[in-house]
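K.L.:
Sending over a structure as structure tokens; questions will come in a sec.
The values are calculated or read from the model by the stated rules, or taken from the named source; none is laboratory data. Worth saying up front: this structure is predicted, and the values here are computed from it rather than measured. As a convention, Cβ positions derive from the backbone with ideal geometry for all residues, glycine included, and neighbour counts pool all protein chains shown. Calculation scope for accessible area: heavy atoms of the full protein, side chains included, ligands and nucleic acids excluded. Shrake-Rupley method; radii C 1.70, N 1.55, O 1.52, S 1.80 Å.
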Amino acid sequence: MEPGDCDGDNTAVSALLQGGVQRVVIGMRHPLQHFRGNAVRALRSQGLQVDLLGEDLTSKLIEDAQKECLLVNAPLICRAHLHVPFSVLNYAMTLDGKIAASTGHACWISSKKSRNLVFELQARSNAIIVGGNTVRRNNPRLTERHGSGHMPMRIVMSQSLDLPDEANLWDMTECGGTLAASAISSGVIHKVYAFVAPKIIGGKNAPSPVGDLGMVEMSQALNLIDVSYEQIGPDLLVSGFLQPILDMAPTIPSPEETFVVDPTVSPYESSTIFFYVSWDTYGALSNFSPHPIQMPDENGDSVTWLSVEHYYQAHKFVGVDDTAARDCIERIKSSKSPEEAARIGRSMQKQRPDLIRPDWDNVKIDVMYAALKCKFSTYPRLSSMLVSTAGSVLVEASPHDLFWGGGREGEGLNYLGRLLMKLRSEFVEESSSSTKMDTLFSRPPNLR
């Protein structure tokens with residue numbers, strides 16, 4: 001990666017110059033904007049040959065090298081572009097998918113070699129997060145054990161705060177299934193390390209690594225990206241990314257169709273704006289952003305929904321003459337977060353498909369568009385942000401949702417991005433019409 005020195009002291013660049021280096025090959029430019037390109041210009045100004053992969057050097061081998069650079073520097077890329085920490089989910093499970101026996105006993109599933117590798121991962125982390133159940137059952141220390149001197153911050157997430165008075169913790173996200181499911185659903189997990197031990201424990205009530213995600217079909221299963229396999233002693237380590245590295249993000253499949261939706265977009269010269277989680281730069285574009293909307297119900301009465309996702313999930317069951325469907329709508333409406341609303345809606349769709357309104361496949365796009373239009377019309381700041389993206393292609397960068405998102409390789413339909421571009425086009429046209437009217441009525445009298 002391109003060198004980037006803090007406080008402008010140029011130590012890395014100076015070291016290369018003083019070391020007599022004649023040529024520098026850089027795998028990728030620095031992801032932080034205030035560092036990007038500085039070292040390249042400084043080295044070239046001193047007469048060094050500087051070649052950048054993908055710019056000065058191109059080939060299939062170079063593409064593979066570029067990808068490796070992205071993977072190695074994924075934590076910094078994530079921090080630079082999304083302004084959130086790069087988070088890793090780590091767990092060990094038996095061959096039959098259990099992280100503990102039915103009694104809760106879990107020491108030890110993985111081998112000592114695997115545990116040592118986990119300690120190394122922890123030593124490279126700024127914080128280690130566990131759930132309350134992990135503290136109660138496993139009594140972990142969450143300490144660095146390789147003598148590096150770095151001690152990660154230790155964090156326990158608990159709903160009940162019913163934690164033991166005496167625990168090793170008091171003198172890697174390595175959590176239970178409930179916290180893991182919540183973290184994955186919220187989009188905060190970027191990479192997974194799964195240690196699979198050649199053991200079988202069984203047990204109907206034995207816990208699994210990830211709780212209910214509300215998936216309805218196997219096609220919704222979350223596929224890891226850039227998966228690698230490694231044998232660690234008797235265990236198998238499977239690792240991979242849950243989210244694409246931003247520089248490897250997908251593009252929508254048809255630029256021409258995008259131009260039809262929004263004429264401000266030039267099919268082959270436009271930039272692309274990716275959005276996914278609600279807290280990134282363009283996170284307000286997401287249907288999961290925490291912006292309440294007011295929409296009429298079946299009786300025409302105004303009802304407040306905590307997010308577009310709340311409204312969308314509830315309307316899967318609207319009009320169905322069944323008490324369970326009406327109860328589900330109320331549960332979704334009272335959900336504390338869009339993620340919880342999505343879990344309830346998807347779970348019920350999976351468990352009781354008979355409760356889904358029969359015309360859902362035909363109306364779901366209209367339902368989403370109506371909710372989006374209400375959100376962006378309600379909040380001037382959001383409509384201004386949407387209009388400011390004019391000329392850019394908007395892509396919901398979910399690698400898993402091939403209907404609303406763009407998919408991993410651009411194979412997704414990206415309907416959420418398309419609806420937003422359609423709405424943006426309407427806003428731009430309304431703004432243009434308003435400006436023309438203002439000009440008409442502000443002309444001097446003798447020109448009227």
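K.L.:
Only residues in the stretch 294-323 that are farther than 12 Å from Cys374 by Cα count as the first member; pair them with residues that are part of a loop (DSSP other than H, G, I, E, B) and not polar (S, T, N, Q), Cβ under 6 angstrom, at least 6 apart or cross-chain, and list the lot.
P.N.:
Val303/Asp297; Leu306/Pro292; Glu309/Phe288; Lys316/Ile356; Gly319/Arg357; Val320/Arg357
K.L.:
With respect to Asp226, is the statement that it is under 30 Å from Ala65 (Cα atoms), at pLDDT 55 or above and open to solvent by 40 Å² or more (accessible area, probe 1.4 Å) true?
P.N.:
Here the answer is yes, as Asp226 does meet what is asked.
K.L.:
Can you name the number of the only condition in (1) under 30 Å from Thr178 (Cα atoms); (2) open to solvent by less than 30 Å² (accessible area, probe 1.4 Å) that Gly37 fails?
P.N.:
(1)
K.L.:
Filter the stretch 322-336 down to the residues that are under 14 Å from Arg352 (Cβ atoms) and surrounded by fewer than 13 Cβ atoms within 10 Å (Cβ to Cβ) and list them by number.
P.N.:
Result: Asp322, Thr323.
K.L.:
Regarding Lys422, is this residue at negative phi, part of a helix (DSSP H, G or I) and modelled with pLDDT of 95 or more?
P.N.:
For Lys422, the condition - at negative phi, part of a helix (DSSP H, G or I) and modelled with pLDDT of 95 or more - is not met.
K.L.:
I'm trying to understand the selection: among the residues of the stretch 390-404, which are closer than 17 Å to Ser278 by Cα, out of contact with any Leu (no Cβ under 7 Å at 6 or more places or on another chain) and either in a helix (DSSP H, G or I) or open to solvent by less than 20 Å² (accessible area, probe 1.4 Å) (or both)?
P.N.:
Of everything in the stretch 390-404, those that are closer than 17 Å to Ser278 by Cα, out of contact with any Leu (no Cβ under 7 Å at 6 or more places or on another chain) and either in a helix (DSSP H, G or I) or open to solvent by less than 20 Å² (accessible area, probe 1.4 Å) (or both) turn out to be Val395, Ala397, Ser398, Pro399.
K.L.:
Hey, another quick one. Determine whether Val308 is β-branched (Val, Ile, Thr), in contact with a helix residue (DSSP H, G or I) (Cβ under 6 Å, 6 or more places away or on another chain) and modelled with pLDDT under 95.
P.N.:
For Val308, the condition - β-branched (Val, Ile, Thr), in contact with a helix residue (DSSP H, G or I) (Cβ under 6 Å, 6 or more places away or on another chain) and modelled with pLDDT under 95 - is not met.
K.L.:
Which residue pairs have Cβ atoms closer than 6 Å, lie 6 or more positions apart in sequence or on different chains, and pair a first residue in the stretch 56-73 that is aliphatic (A, V, I, L, M) with a second residue that is surrounded by 16 or more Cβ atoms within 10 Å (Cβ to Cβ) and modelled with pLDDT of 80 or more?
P.N.:
As it stands, the answer is Ile62/Leu53; Ala65/Leu53, since those pairs meet every condition given.
To keep it simple, each residue is scored yes or no on (1) open to solvent by 70 Å² or more (accessible area, probe 1.4 Å); (2) among the β-branched types (Val, Ile, Thr); (3) within 25 Å of the chain's Cα centre (by Cα).
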| site | (1), (2), (3) |
| --- | --- |
| Pro338 | no, no, yes |
| Ala341 | no, no, yes |
| Gly345 | no, no, yes |
| Leu355 | no, no, no |
| Lys364 | no, no, yes |
| Ala371 | no, no, yes |
| Tyr379 | no, no, yes |
| Leu382 | no, no, yes |
| Val387 | no, yes, yes |
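K.L.:
Only residues that are loosely packed, with under 14 Cβ neighbours inside 10 Å and in a loop (DSSP other than H, G, I, E, B): list them for the stretch 280-296, please.
P.N.:
Across the stretch 280-296, the qualifying residue is only Thr281.
K.L.:
How do the strands (runs of 3 or more DSSP E) wholly within the stretch 93-207 filter down when requiring 2 or more residues that are at pLDDT 80 or above: which remain?
P.N.:
By residue number, 191-197.
K.L.:
Starting from residues that are closer than 20 Å to Ile245 by Cα and of a type in the set (A, V, I, L, M), keep the ones in the stretch 40-70 and report whichever is most open to solvent (accessible area, probe 1.4 Å).
P.N.:
Once the filter is applied, the top-ranked residue is Leu61.
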